[in-house]
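Quick notes on the structure that follows.
The values are calculated or read from the model by the stated rules, or taken from the named source; none is laboratory data. Just so it is clear, the structure is predicted and the values come from calculations on it, not from any experiment. Here the Cβ positions follow ideal geometry from the backbone for every residue, glycine too, while neighbour counts run over all protein chains shown. Side chains are part of the model used for accessible areas, which takes the heavy atoms of the whole protein and leaves out ligands, DNA and RNA. Shrake-Rupley method; radii C 1.70, N 1.55, O 1.52, S 1.80 Å.
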Amino acid sequence: MINKINNYLNLVKFSHTIFAMPFAIIGFTLGYAEEHLFHLNTFLLVILCMFFARNAAMGFNRLVDRKYDAENPRTSSREIPKGIISPIHARNFVIFNVIAFIATTYFINPLCFYLSPIAIFTVLFYSYVKRFSSLCHYVLSLGLALAPIGAYLAVRGHFSLIPVLFSFVVFFWVGGFDIIYSCQDEGFDSKFSLYSIPSLVGVRKALNISKLSHLLSICLLIVIGVIWPYNVAIYIISATIFTSLILYQHSLVKADDLSKVNIAFGTTNGIASVLFAIGIITSVLW
């Protein structure tokens, strides 16, 4: 049983939850600060929504990409191509998580429940975009960008400017580092007529587009800082650390040397997300 659970956690790259989950907690904290009341049940429901939505998205992506994954040396050892998890079991896993996600939103508030089909469609649709558009990176980032505003909506039930701005921070941040990650498959994507920014313009120009995307993310952090209603000093420190780690990942990856992509993609962004969330939550609760 433990091995089976571990197989499914590997299927959905559970460790990568660290990218979006801290921003969901930021959104929840912003809502809590306005509500002045901590709802443990709402917090747990938000965590469950993140868990189910991400499982559905990653499981679906692995399912529909299984033939490409089998052909790609970088992904051929994944669970479905290797026969560790069958396509039928993967399909059932996705269906269960989709239903569980929508059902969980029902217990949060009506707005989250009504918006849940749109949210789950967004995170699933990404898996097909690579077949027809090089903007696939930003469809992926759109799905993750729902985390802060979605968690805020769970608490407050209405939209607000700062959580929306944080969603845009995530949108450009994730889009930028997904472009870096996809540079590894530039040759494979071109060969199999798959769309990505690296396969469209080449690795060197793709890295420049990634830098521009991250610059927009940093600019949005500055905008938030101007209107930040909580402890500004802690916010500035947190935003500076986050920005420094974004810049650091670009120093690791070169057009002629992609050997450190995984360090830039996984380790650096994971640390950036966690440290930033700790700082922002501290600033709000100070």
request  = Go through the residues of region 139-148 one by one and say whether even a single one is touching a residue at least 12 places away in the same chain (Cβ under 8 Å), crowded, with 22+ Cβ neighbours inside 10 Å, within 20 Å of the chain's Cα centre (by Cα) and not in a helix (DSSP H, G or I).
outcome  = no
task = Quick one: in region 65-98, of everything that is of a type in the set (D, E, K, R) and under 30 Å from Phe113 (Cα atoms), which residue is surrounded by the fewest Cβ atoms within 10 Å (Cβ to Cβ)?
result = Arg91
ask   = From the set of residues in region 179-196 that are assigned to a loop (DSSP other than H, G, I, E, B) and within 15 Å of Thr75 (Cβ to Cβ), which is least open to solvent (accessible area, probe 1.4 Å)?
value = Ser196
task = Hey, could you check region 116-128 for residues that are open to solvent by 60 Å² or more (accessible area, probe 1.4 Å) and more than 16 Å from the chain's Cα centre (by Cα) and say which is farthest from Leu45 (Cα to Cα)?
result = Tyr128
task = Answer yes or no: is there a residue in region 269-284 that is open to solvent by less than 20 Å² (accessible area, probe 1.4 Å), touching a residue at least 60 places away in the same chain (Cβ under 8 Å) and not in a helix (DSSP H, G or I).
result = no
query = Looking at Ile209, is it surrounded by 14 or more Cβ atoms within 10 Å (Cβ to Cβ) and touching a Leu at 6+ places or on another chain (Cβ under 6 Å)?
reply = no
query = closer than 19 Å to Leu220 by Cα and among the β-branched types (Val, Ile, Thr) - does that describe any residue in region 258-268?
reply = no
request  = Return the residue satisfying two criteria in turn: it lies in region 250-259 and is touching a Lys or Arg at 6+ places or on another chain (Cβ under 9 Å) and not acidic (Asp, Glu), and of such residues it is most open to solvent (accessible area, probe 1.4 Å).
outcome  = Lys254
remark   = Only one of (1) more than 27 Å from Asp69 (Cα to Cα); (2) crowded, with 19+ Cβ neighbours inside 10 Å does not apply to Ser199, and that is (1)
ask   = Of the residues in region 33-58, how many are buried (at least 22 other Cβ atoms within 10 Å of the Cβ) and over 14 Å from the mean Cα position of the chain (by Cα)?
value = 1
inquiry  = Name the single residue that is nearest to Ala154 (Cα to Cα) among those in region 39-93 being in a helix (DSSP H, G or I) and among the small types (Gly, Ala, Ser).
reply    = Ala53
ask   = Before we move on, is Val169 closer than 22 Å to Leu135 by Cβ and open to solvent by less than 10 Å² (accessible area, probe 1.4 Å)?
value = yes
Filter pass, Asn262 being closer than 28 Å to Thr122 by Cα and either surrounded by fewer than 18 Cβ atoms within 10 Å (Cβ to Cβ) or not aliphatic (A, V, I, L, M) (or both) = yes
